[in-house]
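Worksheet: one structure, shown below.
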Amino acid sequence: MKILVINCGSSSLKYQLFDMETETVMAKGNCEKIGFPDAFHKHKTSDGRQKVYDSPMPTHLEAVNSVLASLMDKEVGVISSLDEIDAIGHRVVQGGSIFKESTLVDAEVTDQIEALAEMAPLHNKAHAIGMRMCHEALPNVPMVAVFDTTFHWTIPEKANMYALPYEMSKKYNIRRFGAHGTSNKYIVQRTAEMLGKGPEGTKIIVCHLGNGSSITAIKDGKSVDTSMGFTPLDGVMMGTRCGAIDPAIIPYIIKHCGVEVDDLNDFVNEKCGVEGVSGVSSDFRDLEAAAEEGNERAKLALDMFAYQVKKYVGAYMATLNGADAIVFTAGIGENDGEVRRNVMEGLGNLGIEIDIEKNKVRGKEADITGPNSKVKVFVIPTNEEIMIARETMRLIS
Ligand code: ADP
């Protein structure tokens, strides 16, 4: 069985084609800058063949068609007919209160996912477009939506509720939905394996640090709290998202700082975070280079980020009453030893220490626990795609 996993963003589309007999990736790639004149599509096969396509991609439909063509390309293809694709699995960020589990996709489900865009403005609209375009290109192939929010339905009420009037929260479904659940699920499984036991009886804190960042407290394999909230804007500051701020700042900046109500979502999602503070970039590689050259605001943004992540780690150490493991994952968590060191520094009293040498690891699984640490500290590259492929296979069979 072959399953195509699609992760559609507002101007990007990432994909992986899995052979589920062996759970191996046959080919993968990404389309970037969809809708822009300099759009491109990079495709790679598991045996090392590569190609970059630069034909125009004004919409996601051209991107989907380019992906399907690349899978059958004479030089870099891995299948000879589109009939070989048995199903498509879509990553979806927000499932709201409607989708508590993965689901088969039809027109109605696609519309519902799109309607949830209010609670994931950067993501859900793009997911729905991706689904429609895939259906247009492959009308007979079943599709499954796998939601980032599903994993967090186990968070108890005391942690998932906001202190708004109770009736309002319930009537309007205002609660902590969280995100990165598919990543968390993968990390839980791998962490338990690395600890040499099952998820039952373990306490894990996952720091998923990427363009979007979240910290999650996991007990017995189940999410019990997470830093992202009603939308993926809550919690720690991110690349361009402000994270949790005093809610009174919102009316204040509308009144005094020239931010229009209609632009508010774009403002808090795209103009803030480490980029807003530093004025340099949302990319941690750029920030570190700038800080190295003496840019004080880049250094401040990095310090703020590490401080905020540390606060969540401390909070979850308290609410879980200790942890067996702290795990770093995603773009920053997997690659950026500097951030990991800054987050883990000064936690000796909580029994947490890392090994500075082992912490130099980049992009691969590692145990970076210090010699005196009571809590294990791991770097584990996440693999949302394999989880989506497995879930897709489960639902169609
Ligand atoms: P997304 O949330 O879009 O899936 P990723 O998990 O891919 O994001 O993370 C992307 C971010 O990871 C980049 O913006 C960059 O800040 C960071 N990153 C990637 N590689 C490195 C690296 N080698 N060093 C530091 N940061 C990195």
Enumerate cysteines in the chain without a disulfide-compatible partner, where compatibility requires another Cys Cβ under 4.7 angstrom.
C8, C31, C134, C207, C257
Over the range 2-147, equivalent-ellipsoid semi-axes from the Cα gyration tensor in Å:
25, 18, 12
Hey, can you grab everything whose amide H is under 5 Å from the amide H of M238? Only 5+ residues off in sequence or another chain; H modelled, so Pro and N-termini drop out.
G243, G273, V274
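Test of the criteria: in the range 262-320, which GluC sites (Glu not before Pro) are in a DSSP loop and have at most 10 other Cβ atoms within 10 angstrom of their Cβ?
E293
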For the range 4-73, which trypsin sites (Lys or Arg not before Pro) are both in a DSSP coil and crowded by at most 15 other Cβ atoms within 10 Å?
K33, R49
At 222 nm, what value in deg cm²/dmol follows for the chain if DSSP H runs of at least 4 each add -39500 (n - 2.57) and the sum is divided by all its residues, to the nearest 500?
-10500 deg cm²/dmol
I need the phi-derived Karplus couplings for the range 38-55: 6.51 cos²θ - 1.76 cosθ + 1.60, θ = phi - 60°, integer Hz, Gly and Pro marked x.
9, 4, 8, 9, 9, 10, 9, 9, 5, 8, x, 7, 9, 7, 10, 9, 10, 5
Whole-Hz ³J(HN,Hα) for each residue in the range 297-303, computed from phi via Karplus 6.51 cos²θ - 1.76 cosθ + 1.60 with θ = phi - 60°, x for glycine and proline: what do you get?
6, 5, 5, 4, 4, 5, 5
Indicate the gyration tensor shape class of the range 122-224 (rounded, prolate or oblate), computed on the Cα atoms with a ≥ b ≥ c the square roots of the eigenvalues: a/c under 1.5 is rounded; otherwise a/b larger than b/c is prolate and the rest oblate.
oblate
When the expected Rg is taken as 2.2 N^0.38 Å, what fraction or multiple of it is the alpha-carbon Rg of the range 168-306?
1.23
For D355, D336, what's the largest-to-smallest order of accessible area, 1.4 Å probe?
D355, D336
With a 1.4 Å probe and every protein chain kept in, tell me what percent of the accessible surface of the chain is carbon plus sulfur.
51 percent
Amide H partners (placed H, <5 Å) of T202, local residues excluded:
D220, G221
Can you give the % of DSSP beta bridges in the chain that are antiparallel, to the nearest 5?
70 percent
For H90, which sequence-distant residues (separation of 5 or more, or a different chain) have an amide H within less than 5 Å of its own amide H, given hydrogens modelled in the peptide plane?
I6, V144, A145, V146
Cross-link partners among lysines for K42, C-alpha distance below 25 Å, same-chain residues fewer than 8 apart left out?
K2, K14, K28, K33, K51, K74, K125, K364
Which length gain, in nm to one decimal place, applies between E114 and R297 when the Cα-Cα distance is subtracted from 0.36 nm times their residue separation?
62.1 nm
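Which of the peptides 245-257, 365-377 is most tightly packed, and how do the rest follow, going by the mean number of other Cβ atoms within 10 Å of each residue?
365-377, 245-257
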Antiparallel as a % of all DSSP beta bridges within the range 2-147, to the nearest 5?
75 percent
Please sort by residue number the trypsin sites (Lys or Arg not before Pro) in the range 54-156 whose DSSP state is loop and whose Cβ has at most 13 other Cβ atoms within 10 Å.
K74, K100
Under 18 Å Cα to Cα from K203, which lysines show up? Leave out anything in the same chain fewer than 8 places away.
K185, K219, K222, K310, K311, K374, K376
Going by the alpha-carbon gyration tensor, a ≥ b ≥ c the square roots of its eigenvalues, is the chain rounded (a/c under 1.5) or, if a/c is not under 1.5, prolate (a/b greater than b/c) versus oblate?
rounded
Please sort 260-269, 214-223 by packing, taking for each peptide the average over its residues of neighbouring beta carbons within 10 angstrom, highest first.
214-223, 260-269
Accessible area per residue for the range 304-397 in Å², computed with a 1.4 Å probe and the full protein assembly in place, what is it?
46 Å²
Distribution output for the range 1-70: share of Cα-Cα pairs per 5 Å bin in percent, first bin at 0, values 4, 19, 30, 22, 14, 8, 3, 1
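Summarise the long-distance tail of P(r) for the range 273-397 by giving the % of C-alpha pairs beyond 20 Å.
Looking at the range 273-397, the distances longer than 20 Å represent 52 percent of pairs.
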Rank by packing, highest mean first: peptides 303-313, 52-62, 320-330, 144-154, with packing defined as the count of other Cβ atoms within 10 Å averaged across residues.
144-154, 320-330, 303-313, 52-62
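Counting only heavy atoms of the protein chains, get the accessible area per residue of the range 46-187 (1.4 Å probe) and round it to a whole Å² value. Can you show the working numbers first?
Values: 6650 Å² over 142 residues.
Dividing the accessible area of the range 46-187 by its residue count gives 47 Å².
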In the range 301-360, taking the dipole from +1 charges on Lys and Arg beta carbons and -1 charges on Asp and Glu beta carbons about the Cα centre, the listed residue (I332, V343, A315) farthest towards the positive end is A315
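The values are calculated or read from the model by the stated rules, or taken from the named source; none is laboratory data. This is a predicted model, so every value here is computed, not measured. Counting neighbours? That spans all protein chains shown, and the Cβs are built from the backbone with ideal geometry, glycine included. Please note that ligands, DNA and RNA were not included when accessible areas were found on the heavy atoms of the full protein model with its side chains. Shrake-Rupley method; radii C 1.70, N 1.55, O 1.52, S 1.80 Å.
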